[in-house]
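Just so you know, all these numbers are worked out from the coordinates, no wet-lab data involved. Only a predicted model underlies this, so the values are computations on that prediction, with no experimental measurement involved. Reconstructed Cβ throughout: ideal geometry from the backbone, glycine too, with neighbour counts over all protein chains shown.
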Amino acid sequence: MDTTAPGPAQDTRVVLNGTTLTVGELIALADGAAVPAVAPEARERAVRSWHTAQRLAAAGRLYGRGTGVGAHRTVTVDADDETAHGLRLLRSHAGGAGALLPARQVRAMLAIRANQLLAGGSGIHPTFVDALTEALRLGVHPAVNEYGAVGTGDLTALAQTGLTLLGERPWLDGRPENGRVGRAVGRPGDPGGDPGGGPTGRPTAGLYDWLDDRPADRRAVGADTRPADGTSGGPFAGSGAGADLGPAGGVEPRSGAASQTSAGIPPDRLPAPVTLRPGDALALLSSNALALGQAALGWHGLDVLLRATHAVAALSLAAVSGSPEAYAAPVHALRPYPGAARAAGEVRRLLGLPDRPSGAGRRIQDPFGFRAFPQVHGCALDAAQRLREVVEVEVNCPSENPVVVPDGTAAYHHGGFFAAPLGLALEAANSALLQTAQLSAARLAALGDPGLTGLPGFLAAGPASSSGTMILEYTANSALAELRSCAVPASAGHVVLSHGLEEAASFAGQAARQTLRATDAYVTVLACELVTAVRALRLHVVPPAVPAFTVADAVLPGGTEDRPLTGDVTAAAELLAVLAEL
């Protein structure tokens, strides 16, 4: 079977070992910019975990294997029914609804779940790890619906994934014609970096390709690949691989299921169906891998935009001849928040200001959009850093319930699947982004004020009644309203499920989707400010000779006559990823 990656990424590998996966590596896998490789020692850890689970299950009941789940936790499952029980569990929990998720989100989920299983706490059969990574290499993914989780495990998404791995549901093709599922723009040297972009020209990615809100490719391409003899097959059927794992004890997963047909893809791009064994079903389901994948993608878009904001805010400060005192290093040394110090330092660097600038501005006090930028934007930087830290903890640790401890002595039942740390970190980022977006809208309004800039009202040319950039305030505030709705805490909701046994939820997945929507909306807010700042600087007698202006001036449309500005905002939106790299 051909397992090489498509397109330009076929020589790039990300090694999954269950302990060191970074967000940058995860983004590269989600985008198809890298292919996964399983560390041998990590796979051996998964083998030992499977053996341990087998032994512990023989000595006493394990939740979800020897018992039902949820309110049925006290219902006993006979030993000879455990595999069939697992299949029923997958089928019954594959009840997601709503739109199909984009390939990029589902690929992130597959990579995370494979890495988590390699941490060795699930007790799942290692062939599931092999099948998950094989799907990533082949560029196919399961059909996963948007709704079904409440932040206590992505049960519907992983059940749909499980049935796809077993061969009961078709695969979808996640590879566009150019062999990439999206482009990730990262810092130079990051695995997710876009090799085609750069600080001196427009990004090579399409509009917003560095964000996640792309429509899902819904073509079903997974063929029914069962052998003619009716056996379930699997990645290791008929081979010696995995022979040390003992008798399979599996069942044919497709009995009684409607046959799924697929077309349009060569059979060698389809993972062979996995054999289900006792305990595999719940072990696969016990994860928030989808919410984590969405959170990682949300963080990536947020990171690009927050870095771009430094350049845009710097241009706006120059456009109003603002005071640099608010950005002085001594100010932020006295109140040592890392994010605020970084924001101030980036503006100084981008404008070529000294650490101790003099009061060279025309005003003692600028409006808050300029004067309080380091403090407000710094909170967003700090929140984004915290979000990344939480994601990288969660994707590298076993959280399955029950969890098999590394020494093989016990399996503990617990609440580690409750995604409160992730949900709260996402909500903090969403709230902080709203604050920094509100300052962007404030600076946009200030740029149109002749009393502040000394330039024509709304930077218009022609008759005094000309509107210039007036409408961009409306456009930005329309997008800002979306950001405001995304900042409403998802965790403020409440739910009681499964006969009252599960009486709370983190709603981390909802918070992650809010982050994705918020970053998409912030693109518009920031692009409107960029268009306006560049127009204002072009009206200066001597525009600043700084890279951010040079790059933007070369790309954005010229002219100050009244005309539709949609194209200007679109060009500015595409430029943000380039400004983030300056």
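Some notes on this structure:
- FRET E, pair ALA37, TYR474, Förster distance 51 Å, beta-carbon r, rounded to 0.05: 0.50
- Proximal charge balance of ALA446 [Cβ under 12 Å; K/R count +1, D/E count -1]: -1
- Highest average packing first - 289-297, 384-392, Cβ atoms within 10 Å: 289-297, 384-392
- Separation of the THR19 and SER467 label points, Cα + 7 Å toward Cβ, nm: 6.2
- Calculated on the alpha-carbon coordinates, the convex hull of segment 335-437 measures out at 138 cubic angstrom per residue.
- Taking GluC sites (Glu not before Pro) across segment 497-582, the ones in a DSSP loop with at most 14 further Cβ atoms lying within 10 angstrom of their Cβ are GLU503, GLU561.
- In segment 400-501, GluC sites (Glu not before Pro) in a DSSP loop with at most 13 other beta-carbon atoms within 10 Å: none
- Note on segment 406-489: Kirkwood radius taken over Cα pairs, Stokes-Einstein applied at 25 °C and 0.890 mPa s, translational D equal to 149 µm² s⁻¹.
- Spacing of the two label points (7 Å from each Cα toward its C-beta) at ALA420 and VAL488, in nm: 2.4
- Surrounding net charge for GLY279, when Lys and Arg each add one and Asp and Glu each subtract one, Cβ distance under 15 Å: 0
- Note on GLN365/HIS51: beta-carbon distance plugged into 1/(1 + (r/R0)^6) with R0 of 60 Å gives a FRET efficiency of 0.30.
- Each residue, VAL393 and THR570, gets one label point 7 Å from its Cα in the Cβ direction; the gap between the two is 4.4 nm.
- Efficiency of FRET between HIS499 and ARG61 - r from beta-carbon atoms, R0 22 angstrom, step 0.05: 0.65
- Taking a ≥ b ≥ c as the square roots of the eigenvalues of the alpha-carbon gyration tensor, segment 41-103 is classed oblate because a/c is 1.5 or more while a/b is no larger than b/c.
- Residues TYR522, TYR327, TYR474, TYR147, arranged from fewest to most other Cβ atoms within 10 angstrom of their Cβ, appear as TYR474, TYR147, TYR327, TYR522.
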